[in-house]
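To keep things clear, I will list the structure first and then write my remarks on it.
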Amino acid sequence: MIKVLIADDQAMVREGFGALLAAQDDMVVVGAAADGSQAVAETRRLDPDVVLMDIRMPVLDGLAATRQLLDGRPAGTPPRVLVLTTFDLDDYVYEALRAGASGFLLKDAPAADLVNAVRVVAGGEALLAPSVTKRLIAEFAARPGPARPRPTALNALTPRETEVLRLIARGRSNQEIAAELVVAEQTVKTHVGRILAKLALRDRAQAVVLAYETGLVAAGE
């Protein structure tokens with residue numbers, strides 16, 4: 001069972017999402033929080049697999065809460081944070097990904113998308129639709145920010161793994177990467193797994209951030 005915690009300052013949103021997810025055979029809603037501080041406390045107490053985290057909350061916003069939950073956690077360990085936002089280009093979204101969130105979802109997305117998003121994130125994947133990734137890149141990657149030194153671990157990637165990482169950063173799905181490189185999709189999945197392991201990244205969302213912040217890929221490429 002996928003254990004989910006819902007953090008949102010609107011009771012109607014918490015109850016609506018909670019009812020939807022609780023109705024799924026493979027999910028259980030273990031708790032809820034009305035602000036970021038509660039979200040941190042309840043997550044540590046209840047140990048959910050996935051936290052639905054609203055960005056705009058009182059006391060402690062979702063960005064700060066995400067940082068508190070994920071800072072220092074080894075790559076690949078729960079909880080996984082799925083950011084909820086009203087705007088698809090919310091200024092906080094890129095920062096949330098940098099903080100370690102596994103993706104984001106619009107609050108007005110169809111119910112089926114929310115259910116699928118929880119399953120995708122719980123399964124260890126990042127929820128970044130290629131079209132959304134490209135828009136995030138266009139909007140945020142060119143903004144001035146703290147330069148991140150190029151990790152020496154990048155040198156451990158094979159030429160093919162480096163190529164796959166660049167394609168991930170450009171918003172390509174595994175299927176699209178497989179078609180472009182003329183390899184099997186399972187081969188791409190294997191490359192992605194090795195990239196994440198070598199670079200100690202949680203998922204491909206962090207891979208996108210790292211690729212741009214280290215200059216491996218430049219905005220507009």
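Each reported figure results from applying straightforward, stated rules to the coordinates on display, with no laboratory input. Everything quoted here is computed from the prediction, not taken from an experiment. Counting neighbours? That spans all protein chains shown, and the Cβs are built from the backbone with ideal geometry, glycine included.
So what are the ³J(HN,Hα) numbers for the stretch 113-122, from phi and the Karplus equation (6.51, -1.76, 1.60; θ = phi - 60°), rounded to whole Hz, Gly and Pro as x?
For the stretch 113-122, the Karplus curve yields 5, 5, 4, 5, 4, 4, 5, 4, 5, 4 Hz.
Based on the mean of other beta carbon atoms within 10 Å per residue, what is the order of 190-202, 57-69, most packed first?
On the way: 190-202: 18.1, 57-69: 20.9.
Ranked from most to least packed, the peptides come out as 57-69, 190-202.
Give me the three principal axis extents of the stretch 1-62 from the C-alpha atoms, as integers in angstrom, largest value leading.
Extents along the principal axes: 34, 24, 13 Å.
Cα to Cα, under 17 Å, and not fewer than 8 places away if on the same chain: which aspartates and glutamates meet these conditions relative to LYS198?
Cross-link targets: GLU125, GLU161, GLU163.
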